[in-house]
Amino acid sequence: MPESTAPMSAIAFDFGLKQIGVAYGQTLTKTAKGLSIVKAHDGIPQWPSITTLLDQWKPNVVLVGLPLNMDGSESELSTRARKFARRLEDRFDIQVKMVDERLTSQEAKSLLREQSQNQRGRNDDLTKIDHIAAALILQSWLDDQSLGRAI
């Protein structure tokens, strides 16, 4: 008989200096959905908003997008995303994993443009796509949990 694992829920963050996208998903249905955008000032989030989200959704694991360069090297933003992930882990005593997020913002913009073209007259603000990028980060992890790395 195969070993069964209990379903898990997850919240993913698409870290940014001005705003942080948030998505929720779970392993039972392997689906992710963008939730909201948390405002940040120079990478420092509105912690009460993060607390509210974690209290409301009670995830088993938290994922943070790791913004790598196209060659796989890290940047200053990668360092700041790791710092954000460590703070989440310390503040909320929860397991946090990093997930490569290369191209998720471009993919999110592409998805939003597609939706806009399908709904004529709609004018979407392409700067408000961080929750979609967070959902893409989460979906990639749901599809392959080995993508999650230690902080």
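Throughout, read-outs are computed from the coordinates displayed, never taken from laboratory work. Here the structure is a predicted model, which is why all the values come from computation and not from measurement. Here Cβ is always computed from backbone atoms with ideal geometry, including for glycine, and neighbour counts include all displayed protein chains.
Would you please give the residues with an amide H less than 5 Å from that of residue 95, counting only those at least 5 places away or on a separate chain, with H modeled from the backbone geometry? HN-HN under 5 Å from residue 95: 62. Approximating the spin labels as points 7 Å out from Cα along Cα→Cβ, the residue 75-to-residue 49 distance works out to 2.2 nm.
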